[in-house]
Amino acid sequence: MTTAARPADGTVRPPRRTRRALDRLYGFAVTPRGFAVVVAAYVLIHGALRLWASPNIGTDEVEQALFAQSWAWGYNPRQPPLFTWLLLAAYAVCGPGVLAHVVVKYVTLAAMYGLAYAAARRLIAAPALAALATLSIVLIYGFGWGVHTGVTHTLVMSALMFASLFALLRLVETHRTIDYLLFGLATGVGLLTKYSYGVFAAPLLAAMLAVPALRGAVLDRRMLLGLGVTALVFLPHGIWMLTAGADYGETLAVLGAIGARHSYLANVVTGLGSLIKASALFLAPFWIIALVLFRSMARQTSATARPWLRALALALGLAMAVLALTVLTMEVTYFKDRRMHAVLLTVPLLLFVWLDHRQPEAWRLRWLAGAVGAVVTIAFVALLGQALFEPYTCRRCWLHMPLPAFEQAIRHGGFERGTIVTADEHVGGNLRLGFPGARVLTPTYSTLDPPPIGGGACLLAWHARLMGDGVPPHLAAFVAGRFKLTPAGQPVAVDLPMLRRADRIDRFAYLIVINADGDCRPR
């Protein structure tokens, strides 16, 4: 029997056979073929786990299910429409359901890793470092864990960030017109993912202007051609923004908690502190692991010309300076860590571009790969445990609500199509998938206006365990204001066993409004 070796210093190492197996796995994973296999296995396993975990959709997904009822140039003043379009396309192929959401998420995640790796291979000479630079993204909390529990627009933006970077790398190397056009296309599509994408693209171009080896590619007349493509791609949504009647200044004020403190100094101190905190939280635990493993290498010097290292570092500094400037000029006091992707997502890549000129020892890289493997394993086990044990302790229980059974109860009650108005977005988003032939509205998104169905019935639905058996007041007020309708009829409450815990009963209620037509207009 193989036992663990005990060196003279008293530490215990894995058995030699285990070490050899781990070394072979590491050696395979950092090859181009191995990287592709690892990423494919990662997204397929997590996609399968998500499909097994729950038939419901969760927090960020319910919003998109409600918006994805029709094609439009815009849906929500806070977010551009690209993710909603991707979801509508997935509905057309897979049908409205959790499968479409899983396909969009994990295909996008695989594309992001693929594009990040393609960029890393052009920036980093050593293939193993390029693979580790990409896999290290898992050490960012939002990707090691958060991407599996939420995230919609931000994930697509992350993929387009690396697509734009890859296009820039190509045009610097080749100076071909097609690469300028591809950069313009990637940038235009990137602006359709999240408005904050501009905080990535603009500082990067500005940083390239400051680096002599890269400046010529940006000042080439064909860059205007590429940026023209960007403008054309974004133009239809831009027109929608101007005509939607949204107060974007107020939206920014709410998101940034502008002027939340009693004085300018208090706002600045709070804002800068929030920026530092959000940055540290976004990059954790990556920055902690990197600091432990590579801090001692900071004393090494390199005379190698590194134009892209300088550009990426300068772009990071410029983007952070822009955010700090909003604190000083607009008194922004709140930065959320999950909104820092446009600024900080390239930090792992930046680190490995820096390491590429310093030839780090193999043991450091193996420890980093081990940290990646540990985070992946812990996240998978935690997601599995969440699916199995959360129904015992959760309060709202979004992923464990017996919504498929509630849909059947509604059908048995006589509703098949028409208009559904729900008291909250979680019930509404899931009923949108259960009744693809109905339109669904909710007070949460009061400006949502999918086209009328015509025919059918008007149905109100809510989570009675949380809101009681009677029509919730805010739901009644929404119906009265939107449709000039006072609902008539008797609500029906149903008790249903919670998913994966049959002894815990959840309660829902619905009302088929007898004095309204299928568009919820008074008869």
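Annotation: peptides 216-229, 464-477, 238-251, ranked by per-residue average of other Cβ atoms within 10 Å with the highest first, follow the order 464-477, 216-229, 238-251. Cysteine residues of the chain whose C-beta has no other cysteine C-beta under 4.7 angstrom: 94.
Each of 240, 296, 65 was scored by the projection of its Cα onto the charge dipole of the chain, and the greatest displacement toward the positive side belongs to 296; charges sit on the C-beta of Lys, Arg, Asp and Glu.
For the range 379-422, the set of trypsin sites (Lys or Arg not before Pro) satisfying both a DSSP loop assignment and a count of at most 16 other C-beta atoms within 10 Å is given as 395, 396.
Spatial offset of the range 392-414 relative to the range 371-387 amounts to 27 Å, using the alpha carbon center of each. Quick check: Cα centre of the range 198-268 to Cα centre of the range 422-468, how many Å? That distance is 35 Å. Sorted ascending by nearby beta carbons within 10 Å, beginning with the fewest, 138, 421, 254 become 254, 138, 421.
Taking 7 Å steps out from each Cα toward its Cβ at residue 466 and residue 231 produces label points 4.6 nm apart.
You can think of it this way: the chain between residue 477 and residue 324 has 50.9 nm of extra reach, that is 0.36 nm per residue less the Cα-Cα gap.
Going by alpha carbons, how many degrees (0 to 90, nearest 10) lie between the helix axis of 177-191 and the longest principal axis of the chain? Computed tilt is about 50 degrees. Packing-based ranking of 258-266, 325-333, 50-58 yields 50-58, 325-333, 258-266, ordered from highest to lowest mean Cβ neighbour count within 10 Å.
Of the DSSP beta bridges with both residues in the chain, give the percent that are antiparallel, rounding to the nearest 5. Restricted to the chain, the bridges split so that about 65 percent are antiparallel. Segment residue 248..residue 380, full-extension length gain: 43.6 nm, with 0.36 nm per residue of separation and the alpha-carbon distance subtracted. In the range 398-512, the DSSP beta bridges split such that about 60 percent are antiparallel, to the nearest 5.
DSSP loop (so not H, G, I, E, B), at most 13 other Cβ within 10 Å: list which GluC sites (Glu not before Pro) in the range 347-454 pass both filters. Here the sparse-neighbourhood loop sites are 361, 416. When you filter the trypsin sites (Lys or Arg not before Pro) in the range 303-379 for DSSP loop state and at most 15 other Cβ atoms inside 10 Å of their Cβ, you are left with 336, 358.
List the lysines whose Cα lies under 21 Å from the Cα of residue 194, skipping any in the same chain that are fewer than 8 positions away. Answer for residue 194, where 21 Å is the Cα cut-off: 105, 336, listed by chain and number. The label point for residue 521 and the one for residue 16, both projected 7 Å from the Cα toward the Cβ, are 8.4 nm apart. Under the convention that each Lys and Arg Cβ holds +1 and each Asp and Glu Cβ holds -1, the size of the dipole of the range 398-512 around its Cα centre is about 80 debye.
All other residues whose Cβ lies under 15 angstrom from that of residue 496 are scored, Lys and Arg at +1 and Asp and Glu at -1, for a net of +1. Partners of residue 277 within straight-line reach, counting aspartates and glutamates whose Cα lies under 18 Å from its Cα and excluding those fewer than 8 residues away in the same chain: 331, 337. Taken about its Cα centre, the chain carries a charge dipole of roughly 1720 debye when the Cβ of each Lys and Arg holds +1 and the Cβ of each Asp and Glu holds -1.
Here, each number is a calculation from the coordinates, and none is a lab measurement. Here the structure is a predicted model, which means the values were calculated and not measured. Please note: Cβ atoms are built from the backbone with ideal geometry, for glycine as well, and neighbour counts cover all protein chains shown.
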